[in-house]
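Please treat every number below as a calculation from the coordinates, not as lab data. Because the structure is predicted, anything quoted here is derived from the model rather than measured. As a convention, Cβ positions derive from the backbone with ideal geometry for all residues, glycine included, and neighbour counts pool all protein chains shown.
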């Protein structure tokens with residue numbers, strides 16, 4: 001691709017990055033927790049994951065389902081840690097969360113080999129879990145099940161937004177390459 005075409009692509013992607021931040025700011029009042037500073041960082045991660053997934057619509061679906069699976073795995077870890085924590089003395093509490101992570105990660109890794117093609121994108125599962133844990137650890141939310149639902153909803157909306165931007169990026173770039 002000629003430099004002039006690449007420059008057009010670069011400006012288009014910069015425009016997309018600009019607009020994703022604008023959309024995030026407009027969506028922010030409607031995403032929980034209320035009054036947050038926005039979650040464009042989640043959309044940017046999902047945008048990158050779209051490329052890691054192969055730049056296809058199927059890859060985008062696998063990414064979205066991976067984020068959802070990561071959220072489910074994270075909730076399972078939190079709940080299992082609570083159960084395990086009820087059975088160990090305080091001096092062993094250091095191992096509660098790591099033990100829960102160990103138990104849950106085994107089936108997550110095995111998902112890669114299952115014939116469930118849409119649930120085998122382990123990198124997206126880990127990113128989704130990381131986003132969920134980061135969100136729950138550093139952003140004040142309501143506790144309990146409703147807090148999980150609110151966080152999951154916000155993450156999946158932002159993930160879908162980022163994936164949409166990934167689709168637009170690839171479509172525009174392909175169009176420019178055909179013109180070259």
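Table for the structure above
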{"quantity": "Theoretical FRET efficiency, 1/(1+(r/R0)^6), r = Cβ-Cβ of residue 153 and residue 56, R0 22 Å, to 0.05", "calculated": "0.30"}
{"quantity": "Convex hull projection area averaged over all views, the chain, Cα basis, nm²", "calculated": "12.2 nm²"}
{"quantity": "Virtual spin-label span in nm between residue 4 and residue 28, 7 Å along Cα→Cβ", "calculated": "4.0 nm"}
{"quantity": "Extended-chain gain in nm, criterion 0.36 nm per residue less alpha-carbon gap, residue 94 and residue 146", "calculated": "16.0 nm"}
{"quantity": "Principal-axis tilt of helix 40-52 within the chain, Cα atoms, nearest 10 degrees", "calculated": "70 degrees"}
